[in-house]
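This report refers to the structure that appears directly beneath it.
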Amino acid sequence: MYICLMPVSVNVVYGTLKNLVNKDQLGFVTVDEFNRFAQVAQLRIYNRLFDQLKDGSRLERAGFGQGRDKSKFKQVTEDLAVFAKSSTVPKASGVFPKPDDMSRIISVATAGDVLFGQTTRVPVEICYDEEKIERILGSTLNAPSEAFPVALVTGDIEVFPENIRKIKIRYYKIPQSFETDGTTRSSDPPTFGVQPGTENYNASASKDFELPEHYTMDLVQEMASLIGVNLRDQAVIAFAEKEQMDRKTEQSF
């Protein structure tokens, strides 16, 4: 059963950073900079989830997994589920192009049909090694067939046997880019040190992060680190480093 997770509120992250950076009315971060920092911060956390997934998988295989709701592997899998997508891709110029927003492949299958309530879709074995695929193609015992197809994943996706014309890809998509709205209003109060008459943050026109809500502080920490370096604000950098150390200590128990 899929669990719907609430996303991190961009307004909460923005407000927290504004209070941190602008506490002495000395900070200055435009909406455009916030958008760029937000995208980098979300991508950093997103990429770390795959490392945590590997660690959780190793613990499970070694018999050290905590099981059920405390399983690290289960928790990270659920968090990554918000980025999972599927796409049916037709063959073009002899290959299957990857979806533009694809980050990592989960699985590949032939598109198939539905006959008498049963799908004819067939799982496709995934291969990333060109030398290995050459050995498979040259084998008299394990050569790919319509019942046991194989895909070589490089810049594009090649599927063997070559008479397969359409595949279904399940994958993790790249987190969305940010277009948090900034408007110019002469009556607005200063925001992130921006004076009236210049770019100001429009909360009602902004969209939330895609990461689940419990990553709010992770995003604040990542963005505080980026903003602190950008502003050369040692107080902000120190806050980010302290929060990161605290989080690591919490996760070690």
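Coordinate-derived values only; no laboratory data. If you're wondering where the values come from, they're calculated on a predicted model, not measured in any experiment. Because the Cβ atoms are built from the backbone with ideal geometry, glycine has one as well, and the counts that use them run over all protein chains shown.
With a Förster radius of 35 Å, plug the Cβ-Cβ distance of A205 and M102 into 1/(1 + (r/R0)^6) and report the FRET value to the nearest 0.05.
On the way: r = 28 Å, r/R0 = 0.81.
In this case the efficiency is close to 0.80.
How much length, in nm to one decimal, is gained on full extension between S139 and R48, taken as 0.36 nm per residue of separation minus their Cα-Cα distance?
Numbers: separation 91, 0.36 × 91 = 32.76 nm, distance 3.84 nm.
So the extension gain works out to 28.9 nm.
Which links in K72/K173; K72/K132; K54/K207; K74/K168; K54/K173; K54/K168 stretch past 28 Å when you go from one Cα to the other? Intermediate values should be presented prior to the final figure.
Working: K72/K173 21 Å; K72/K132 33 Å; K54/K207 30 Å; K74/K168 25 Å; K54/K173 18 Å; K54/K168 25 Å.
Listed pairs above 28 Å: K72/K132; K54/K207.
First measure r as the distance between the Cβ atoms of D156 and V122, then evaluate 1/(1 + (r/R0)^6) with R0 = 22 Å and state the FRET efficiency to the nearest 0.05. The partial results should precede the final answer.
On the way: r = 20 Å, r/R0 = 0.92.
With R0 = 22 Å, the Cβ-Cβ based efficiency is 0.65.
How much length is gained on full extension from N11 to N163, taking 0.36 nm per residue of separation minus their Cα-Cα distance? If you can, show how the numbers build up before the last one.
On the way: separation 152, 0.36 × 152 = 54.72 nm, distance 5.07 nm.
Separation in residues times 0.36 nm, less the Cα-Cα distance, equals 49.7 nm.
Roughly speaking, what is the stretch gain from A92 to F148, that is 0.36 nm per residue apart minus the C-alpha to C-alpha distance, in nm to one decimal? Walk me through the numbers on the way to the answer.
Details: separation 56, 0.36 × 56 = 20.16 nm, distance 2.16 nm.
Using 0.36 nm per residue and subtracting the Cα-Cα distance, I get 18.0 nm.
List every residue whose amide H lies under 5 Å from the amide H of R121, counting only residues 5 or more places away in sequence or on a different chain, with H placed 1.01 Å from N in the peptide plane.
D113
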